[in-house]
Amino acid sequence: MRSLNPPGEHDRDRVREAARVPDKASEAAGLWHTRWRAQLVFGVAVLVPVLALFASLRFVPMFQTFRFSLYDWALGAPTGRFIGLANFGALLADDAFRDAFWNTLVFCAGTTLPTLALSLALAELLNRRIARPTYYEMLFFVPVVLSLVPVSIVWKWIYEPKYGLLNYLLSLVGISPRAWLFDPQLVMPAIIVMSIWKGIGFYLVIFTAGLRNIPRDYFDAACIDGASWWSAFRFVTLPLLRPMLLFALVWASIQNLNVFTQVYVMTLSYGSAGTFGRPVQVLVLDIYNNAFRYFRLGYASAEAAILFLTVLVISVIQLRLLRERA
Amino acid sequence: MKPAFRLADVSAQVATHLLLVLSVAVMILPLVWMVLTSFKPPVEVNIWPPRLLPQQWTLENYTLAFQRAPLVRFLVNSAIISVVGTVAILLTSAAAGYVFAKYDFPGKEVIFIAILATIMIPLEAYIVPFFTQVARWRLMDTLVGLVLPNLIASSGIFFMRQHILSIPDALLDAARIDGASEFYIFGRIILPLSSSALSALGIFMFMFIWTAFLWPLMITNSTQVMTMELGLTFFQSMFTIEYGPMMAASTIAVLPMLIVFVILRRRVIESIAMTGLRG
């Protein structure tokens, strides 16, 4: 502590203070030492188990995915034969894989973009000065709460060709019935529609919270300046919502690249999934089939490695956008 | 200040509400359809044109569903793995989050970044070696094996660290000077001050674990350890086209989460909003 008083005054105080310094220092050093020890004990007690779990449940299996992908290895066999990149070469020539990869990208884009657009539009509607917006928010959230398997079963029943609700509703406006889940042209859109329905509420809540954080004044100012609804949305809402939009984009893309449950359940027929579902054969389903139906451990790992890299590349690109613009 | 009454405002309000009510109806219809179908006798399930309300309400589908599949067992299993997984994630995330937020040690950055790097990688991408590893540990077809992927979450550690960073150091130092141990500080200062973040993370993780499907599908064989999600699929392959009992079983499957949501509705919404704002 330095005193700003001119020398001469409070001399006695200063001397006393100076005399106390070594005491304080040693006290502080003692305190620092015990604290350091206490933190060491606690830190080790926390980090050792957490890192052990991370190593065994995350890092090792991730590394093994890439290692296995270089082997010709049957599931259950003690070891495999090293074949370099041959699995990847075989994958590129494999129609089932190419279909699955393409279908996954189509599903991901086809689900992510409409889900985000619709939930943003609904959030914008809720953000107008309407009464009771939270009631709507909760009702929209209900499909998020319902778990995916029961929901897939219900939609399967709605899409049912003979007695399904959808065909009935469409018949009211003169559209003839379709076999939604059996028609190779329609099965992907049908599953996409169901997935959009399931996801909207989640992103709606995130966007609504984001919109609520934007001060009203901004909109009022835009309004006074004579901005149209569109330009207020474009130049006020969108830039201020960017962090949430990008979080939603990354999260939804990862979720949708890993689509599996609804495809498995909705194309599950007479005990075997995906047999008539070739038009919606997605990457995770193909990995599952290769590993557990054909027992091709190495091949399935190579496919998983491609999924791994796809997820990584897509999320890194999206995060770059986040960092650049934010 | 708005003028008290303007016709244009009122009609805009009415139009907005109309649009919203219509969208809500579409969102809720599948749930309503499921519940109502579950109370219909078989003759009313497969009829054309379909009717929304059952003409004769029956519990037949429910008794059938409970007879043919151990639904209670499935529910208990789902509850066990979701609760255990959520508690484990909360504990590991809060403790590791505290260490990463408030401690200084060599290599901290590197370790934290290594953990953070896995945030984007979903289980599906490394599930095959994960499976062989769990098989090697002889945890196939066990509840322990089921809960294993959900003991830690890098997103949880990141989320808790962000929150704990906002707790002032002075508070912790004051406790230390008063002789509080680190365990005491963690249990009595960090955890209570993080209650909102913890409940947000908890709700999110509980929902996430409850709906897990691929992993249970891979490692369970016996109905004894099946979760509700998996049990329902198993059940579906037994019934194929009998939608009545299937809707009953599905209704039972969604009921626990629906009840939790109805009770904690505000908290659930706030939690999801918080993960979005913080994430």
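Any read-out appearing in this document is the output of simple, stated calculations on the displayed coordinates, not a laboratory observation. From a predicted model like this one, the values you see are computed outputs, not experimental measurements. Cβ sites come from the backbone with ideal geometry, for glycine too, and all protein chains shown count toward neighbours.
Pairing the Cα long axis of helix A:148-158 with the longest principal axis of chain A, what angle in degrees results, from 0 to 90 and rounded to the nearest 10?
30 degrees
Can you give the average number of partner chain beta-carbon atoms within 10 Å of each beta-carbon in peptide A:132-140, as a whole number?
4
Give the order of A:Cys108, A:Cys223 when sorted by the count of other beta carbons within 10 angstrom, beginning with the fewest.
Placing the least packed residue first, the sequence is A:Cys223, A:Cys108.
Could you give the length gained on full extension between A:Ile130 and A:Ala109, defined as 0.36 nm per residue of separation minus the Cα-Cα distance, in nm?
Contour length minus Cα-Cα distance gives 4.4 nm.
Rounded to the nearest 0.05, what FRET efficiency do A:Leu40 and B:Asp178 give with R0 = 22 Å and r taken as the Cβ-Cβ distance? Could you check?
Step by step, r from the Cβ atoms, then E = 0.65.
So, R0 is 41 Å and r is the distance between the beta-carbons of A:Leu186 and B:Leu18; what FRET efficiency does that work out to, to 0.05?
For A:Leu186 and B:Leu18, the calculated efficiency is 0.85.
What is the helix-to-structure angle for B:108-117, meaning the angle in degrees between its Cα long axis and the longest Cα principal axis of chain B, kept from 0 to 90 and rounded to the nearest 10?
10 degrees
Per residue of B:200-211, count partner chain C-beta atoms within 10 Å of its C-beta, then hand back the mean as an integer.
Per residue, the number of nearby Cβ atoms from other chains is 1 on average.
Rank these for me by crowding, A:Val187, B:Val262, A:Val263, going from fewest to most other beta carbons within 10 Å.
Neighbour counts put them in this order, fewest first: B:Val262, A:Val187, A:Val263.
Please give the helix B:195-210 orientation as an angle from the longest Cα principal axis of chain B, in degrees from 0 to 90, rounded to the nearest 10.
Relative to chain B, helix B:195-210 is tipped by roughly 50 degrees.
Amide H neighbours of A:Arg296 under 5 Å, counting only residues 5+ apart in sequence or on other chains, H built in-plane at 1.01 Å?
Correct list: A:Leu75, A:Ala291.
Can you give me the distance in nm between label points at B:Ala79 and A:Arg234, each placed 7 Å from the Cα along the Cα-to-Cβ direction?
5.5 nm
So if I take the centroid of the Cα atoms in segment B:243-279 and the same for segment B:207-237, what is the distance between those two points in Å?
Taking the Cα centre of each part, segment B:243-279 and segment B:207-237 sit 18 Å apart.
Going by amide H atoms built from the backbone, whose H comes under 5 Å of the H on B:Ile121, apart from near neighbours?
none
Which is the longest stretch in chain A that no exposed loop site breaks, taking sites as trypsin sites (Lys or Arg not before Pro) with a DSSP loop state and at most 16 other Cβ atoms within 10 Å?
After excluding every exposed loop site, the longest remaining stretch is A:163-292.
Once the Cβ-Cβ distance between A:Leu172 and B:Arg51 is put in as r, and R0 is 22 Å, what FRET efficiency do you end up with, to the nearest 0.05?
0.95
Can you tell me the length gained on complete extension of the stretch A:Asp225 to A:Arg242, counting 0.36 nm per residue apart and subtracting the Cα distance?
In short, 3.8 nm is gained.
Using the number of other C-beta atoms within 10 angstrom as an exposure proxy, rank A:Trp157, A:Trp229 with the fewest first.
Final ranking by Cβ density, sparse to dense: A:Trp229, A:Trp157.
Based solely on C-alpha atoms, express the radius of gyration and the Dmax of segment A:88-325 in angstrom.
Rg and Dmax of segment A:88-325, Cα atoms, are 20.7, 67 Å.
At 7 Å along Cα-to-Cβ for each site, give me the label-to-label distance between A:Asn213 and B:Ser237 in nm.
Taking the simple label geometry, A:Asn213 and B:Ser237 are separated by 4.5 nm.
Averaged over its residues, how many other protein chain Cβ atoms are within 10 Å of peptide B:20-32's Cβ atoms?
Per-residue shielding by partner chains comes out at 5.
For chain A, what is the calculated [θ] at 222 nm in deg cm²/dmol (nearest 500), taking -39500 (n - 2.57) for each run of four or more DSSP H residues and dividing by its residue count?
After summing the helix terms and dividing by residue count, I get -23500 deg cm²/dmol.
How many nm separate the modelled label positions at A:Ala77 and A:Leu312, each set 7 Å beyond the Cα in the direction of the Cβ?
2.6 nm
What's the longest uninterrupted piece of chain B once you rule out the chymotrypsin sites (Phe, Trp or Tyr not before Pro) that are loop residues per DSSP with at most 14 other Cβ within 10 Å?
Answer - B:138-279.
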